[in-house]
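The values are calculated or read from the model by the stated rules, or taken from the named source; none is laboratory data. What you are looking at is a predicted structure, and each value in this text was computed from that prediction instead of being measured. Don't worry about glycine lacking a Cβ; one is built from the backbone with ideal geometry, like all the others, and counts go over all protein chains shown. Areas reflect the complete protein model, heavy atoms only, side chains present, ligands, DNA and RNA absent. Shrake-Rupley method; radii C 1.70, N 1.55, O 1.52, S 1.80 Å.
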Amino acid sequence: MFAEFKTLPQLFDFFKNEETCLAYWENIHWGKTGITCPHCNASNPYKTNRGYKCRNVECQKKFTALVGTIFENTKLPLRTWFGAIYLCINHKKGISSLQLSRDLGIHPKSAWFLLHRIRETLKEIAPQALGGEGVIVEADTTLVGGKAKNMHMKRRIEKFKKQNQDAKTVIAAYVERSGIVRMDVVDPNETEVNLLKKHVDTASVLMTDNANNYKKVGKDYAFHGIVDHAKDEYVKDKVIHTNTVEGVFSLFDRMTIGTYHYMSRKHMQAYANECAYRYNTRNRLDPVRFEDTVLKCSGVRLKYDNLIGK
């Protein structure tokens, strides 16, 4: 690990200026491969006053260590970025864009965009199915969204009569008893059964409640344990339960109700990824989690137009 700090003031003491931040990021980004051109992968570039210039005569493009990363074309200093990453991943229930803007002295819109770019780095790349032979995996779903009676009449009519769509968003979660969780927003065109087979190996020991869709697909797994919450049954034979995945949903609910208050369906998956990442790294120290997140910033890019759907 390159950095040692336990608090936010210690982080800002470590990253005392932009030169220190850039040197730290170059060490993270190019530490193993050496400095290479992000456009043609040529090595040994020329050093310039503002960065580097590719030595390849067919390329000769200028670049910095920020090109091809989540920081590309940013107007914010890296020091602000690192502070935002530290706050986002280490706050147990996340941090709102308004609070982040006040803490770091930036515009609320900049804070909102910055947090979404950080969440973009937390997505799993080519995830493997959870579980395996003899591994216990719990599966369940939860609903996210306000009650129709609390909506303004105009929005209620628009949502239910004109669009004819449910006010709730369904989120499915799959968690190994060892502590790895994956959360997925259920698309209206995709069934929970297909998602379960996609995320959980059929050789696993499956634990669910008594929902009908789980009863059918459970036959394809090595063992399917069921608890009936309607009968106040929460633990059976000391092993069969869904308390672990319910604990994950409890953390997600606290994040939703206590910090963000409202999340649109469009961005719901990003918030689910944030919650899952924080849960999966809960046993790591804050500086270790920070550096693990910074390592994920390479090869990721999220433009504002893509974020808002233009």
With the 1.4 Å probe rolled over protein heavy atoms, the stretch 168-232 has an accessible area per residue in Å² of 47 Å²
Say the dipole of the chain comes from +1 at the beta carbon of Lys and Arg and -1 at that of Asp and Glu; which of Ile35, Thr191, Val67 then lies farthest toward its positive end? Val67
Measure off 7 Å from each Cα along the Cα-to-Cβ vector at Asn73 and Thr48, then give the distance between these two points in nanometres to one decimal. 1.8 nm
Once the mean 1/r over all distinct Cα pairs of the stretch 8-147 is inverted, what Kirkwood radius in angstroms do you read off? 18.2 Å
Solvent-accessible area of Tyr221 with every protein chain in place, 1.4 Å probe, in Å² to the nearest 10: 20 Å²
First measure r as the distance between the Cβ atoms of Tyr260 and Met153, then evaluate 1/(1 + (r/R0)^6) with R0 = 25 Å and state the FRET efficiency to the nearest 0.05. 0.50
Helix 108-121: angle to the longest alpha-carbon principal axis of the chain, degrees 0 to 90, nearest 10? 80 degrees
Carbon and sulfur %, accessible surface of the chain computed with the full protein complex present, 1.4 Å: 50 percent
Below 8 Å, C-alpha to C-alpha, sequence gap of six or more: please give me the relative contact order for the chain in percent. 21 percent
Please determine, in degrees from 0 to 90 and to the nearest 10, the orientation of helix 78-90 with respect to the longest principal axis defined by the Cα atoms of the chain, where the helix direction is its Cα long axis. 20 degrees
Mean Cβ-within-10 Å packing, highest first, puts peptides 254-264, 278-288 in the order 278-288, 254-264
nm² value of the averaged projected area, convex hull over the Cα atoms of the stretch 18-70: 3.6 nm²
Would you work out the relative contact order for the stretch 1-90, in percent, from Cα pairs under 8 angstrom that are 6 or more residues apart? 26 percent
Of the GluC sites (Glu not before Pro) in the stretch 1-61, which ones lie in a loop per DSSP and count no more than 13 other C-beta atoms within 10 Å? Glu4, Glu58
The stretch 71-96 residues near the modelled Lys62 label - backbone nitrogen below 18 Å, point 7 Å along Cα→Cβ: 72-75
Could you rank the peptides 245-251, 82-88 by their average count of other C-beta atoms within 10 Å per residue, with the highest value first? 82-88, 245-251
Bins of 20 Å from zero: percent of alpha-carbon pairs in the chain: 28, 51, 21, 1
Assigned charges on the beta-carbon of Lys, Arg, Asp, Glu; the stretch 184-310 dipole about Cα centre (debye): 360 debye
